[in-house]
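Engineer: Questions regarding the structure given below will be posed in turn.
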Amino acid sequence: MEWMELDGSRGEGGGQILRTALSLSMITGIPFAIEHIRAGRKKPGLLRQHLTAVQAAAQVCGAEVEGAEAGSQHLRFRPGPVRGGDYRHAIGSAGSCTLVLQTVLPALWFADGPSTLRISGGTHNPAAPPADFLIRCWQPLMQRMGVTLDLQLLRHGFYPAGGGEVLATTAPVSAWQPLHLDTRGDLRRQSVVGVVAGVPVEVAKREMQRAVSQLGVLDEELRVLPSNEGPGNVLLVVLEYPEVTEVFSAFGERGVPAEAVADRAARNARLFRNSCVPVGEHLADQLVLPMALVGQGSFTTHVISSHLRTNCKIIEEFLPVHFVFEESETCIQISLARPQI
């Protein structure tokens, strides 16, 4: 089979190009070679989380791989058949468990049997969707699309120590269902979750109080973890609608007041709440690949990032689909069409 040649510096030049290529190479059987991996980042090349994603992908499909080394900016990946099974991988840093999961899970939906996937590393990382986002927001939508999926957060892991763990249980999809997410319905519930590990509990309480003052009445959940799961702190704002749940997060940092952390999460939640769309910027990134696997679907959002456009272009190179962007004054609808042959 002819190799697909990819340029990792295109568009936003991040790790999503590699992750999407790995997922779709496993599913389609198309081998690929990629140069200039993560050329748009301060530290280009494969970091631990990207290397773990490559290793995990290679294991589930018995791939032949060249260039899978820390710091490498080139990679060749020739996949074999995807096999179900029980898989474990450790990133060995606070690199994102969730991004590794989202690389491998789509391929396991086409495997020859059920699978479990256990990833250890960072579960709550400012540069990636936190585990709570996948569980509360992404997982229900995958289930609506016909995916058998159960995600469990076994242990929190914060930057820079990591040490968290996420477990995914999944099975081959028997019947895909298209997702059309163009309305969200009325807000049913909004809540704020303050999480601390090895950090004074007063920090989380101040964040939660500030978020309530910014957003109005919220259900409150205080999650005080054992100190050996930290140090770490994250504030989550959860907005639940009939059609979708959105999660907005902000992470505590040394020298940054708790109120400033809360303001970041509350601002993003308020902007979404005041919009008319069901899909936020980060969820949009997570929906386009599963939607392309179904071959049809649509959703409405209010932001089209360079990250999203780049991801769509990579998907279009592997699959016979085409993304259509229709912009209005208040929103953007993204839909999927099969190109005319």
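Engineer: For the range 277-341, how big is the tail of P(r) above 21 Å, as a whole percent of Cα pairs?
Structural biologist: Values: 311 of 2080 pairs.
Percentage above 21 Å: 15.
Engineer: Another question about this same structure. At 7 Å along the Cα-to-beta-carbon direction for both E253 and R189, put a label point, then send me their distance in nm to one decimal.
Structural biologist: 3.3 nm
Engineer: Percent relative contact order of the range 189-273, based on C-alpha pairs within less than 8 angstrom and at least six residues apart? Display every interim value, and only then the final one.
Structural biologist: On the way: 170 pairs, mean separation 29.5, N = 85.
Normalised by residue count, the contact order of the range 189-273 is 35 percent.
Engineer: Taking the range 172-247, which trypsin sites (Lys or Arg not before Pro) meet the DSSP loop condition and have no more than 16 other C-beta atoms within 10 Å? Spell out each step's value before the answer.
Structural biologist: On the way: sites: R184, R188, R189, K205, R206, R210, R223; in loops: R184, R188.
Answer by residue number: R188.
Engineer: Okay, next question. Mind listing which trypsin sites (Lys or Arg not before Pro) in the range 94-174 are in a DSSP loop and have 13 or fewer other Cβ atoms within 10 Å?
Structural biologist: Working: sites: R118, R136, R144, R155; in loops: none.
Sites meeting the loop and neighbour criteria: none at all.
Engineer: Moving to a separate point now. Determine the equivalent ellipsoid of the range 4-177 by diagonalising the alpha-carbon gyration tensor, then write out the semi-axes as square roots of 5 times the eigenvalues, largest first, rounded to whole Å. Could the numbers behind the result be given before it?
Structural biologist: Values: eigenvalues 106, 83, 39 Å².
Calculated on Cα positions only, the semi-axes equal 23, 20, 14 Å.
Engineer: What is the distance in Å between the Cα centres of the range 54-94 and the range 250-325?
Structural biologist: Their Cα centres are 26 Å away from one another.
Engineer: On to the next question. Could you work out the local net charge near K205, counting Lys and Arg as +1, Asp and Glu as -1, over the other residues with Cβ closer than 13 Å to its Cβ?
Structural biologist: Working: positive: R206, R210, R223; negative: E202, E207, E220, E221, E259.
Within the 13 Å Cβ shell, the charges total -2.
Engineer: Read phi for every residue in the range 190-205 and hand back ³J(HN,Hα) as whole Hz from Karplus 6.51 cos²θ - 1.76 cosθ + 1.60, θ = phi - 60°, with x for Gly and Pro.
Structural biologist: Result, rounded to whole Hz: 10, 9, 10, 10, x, 10, 9, 9, x, 10, x, 4, 4, 4, 5, 5.
Engineer: Sticking with this structure for a sec: Determine, for each peptide in 67-75, 17-25, the mean count of other beta carbons within 10 angstrom over its residues, then list the peptides with the highest first.
Structural biologist: The most tightly packed comes first, giving 17-25, 67-75.
Engineer: Apply the Karplus curve 6.51 cos²θ - 1.76 cosθ + 1.60, θ = phi - 60°, to the phi angles in the range 223-230 and return the couplings in whole Hz, x for Gly and Pro.
Structural biologist: Calculated HN-Hα couplings, in order: 10, 9, 9, x, 4, 6, 8, x Hz.
FYI, it's all coordinate maths here, none of it is from the lab. This one's a predicted model, so the numbers in the text were calculated from it and none came from an experiment. Heads up, the Cβs are rebuilt from the backbone with ideal geometry, glycines too, and the neighbour counts pull from every protein chain shown.
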